[in-house]
């Protein structure tokens, strides 16, 4: 089925049978008041408003036989994914800094096997959805995401999740470079401020299309 959505910078006609909802980093660590992001001082209470739009989109596409893909940002307990000990990644990693300064938060961070690393219960994947682990901002860097999406015959990527200007934007940019049609969903993406959200929307227009969940749902409902 082909549908057309109103979007910026212009309308987009896409095929539902070649579309995948990509849920980025919606984990306990990043969205819960008990997660490491909140404990470190980031105000995440507003992030939870993206849960309903995400669920509406994933449910609608599941009904059409389309599995969703969930990206989860994870590190092993020894943070081997950060690579070379001289890499800037060790200096800039929030998770590593929290591990050093607040070891009592370890089970609330994005360390593999912990509560913090799990997808938030409110947007729990269905049994046949796909989970892809990542250790960089972009979901494509060093992961199986491109292989998974091509196996799913994906051409149009509906991108939602956390956080707008970091992991979501990095993934949208790389989706464009890999030849996908990225669709950035404004009400299903968490942002720390209106100003940052607006700046990210402006960037997303250059790499894909910007719309909201209601417009996508309207289009696929016929």
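Key figures for this structure:
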{"item": "Residue 205 being touching a residue at least 60 places away in the same chain (Cβ under 8 Å) and farther than 22 Å from residue 51 by Cβ", "result": "yes"}
{"item": "Matching residues in segment 99-135 - criterion: being assigned to a helix (DSSP H, G or I) and either farther than 19 Å from residue 190 by Cβ or within 14 Å of the chain's Cα centre (by Cα) (or both)", "result": "99, 100, 101, 103, 104, 105, 106, 107, 123"}
{"item": "Per-region count, segment 75-95, residues out of contact with any helix residue (DSSP H, G or I) (no Cβ under 6 Å at 6 or more places or on another chain) and either assigned to a helix (DSSP H, G or I) or crowded, with 20+ Cβ neighbours inside 10 Å (or both)", "result": "7"}
{"item": "Residue match in segment 161-174 (condition: in a loop (DSSP other than H, G, I, E, B) and within 11 Å of the chain's Cα centre (by Cα))", "result": "yes"}
{"item": "Hits in segment 124-151 - residues which are surrounded by 16 or more Cβ atoms within 10 Å (Cβ to Cβ) and more than 22 Å from residue 94 (Cβ to Cβ)", "result": "125, 129, 130, 146, 148, 149"}
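Read-outs throughout are calculated quantities, based only on the coordinates presented, and are distinct from any laboratory measurement. From a predicted model like this one, the values you see are computed outputs, not experimental measurements. Using ideal geometry, Cβ is built from the backbone for each residue, glycine included, and neighbour counts are taken over all protein chains shown.
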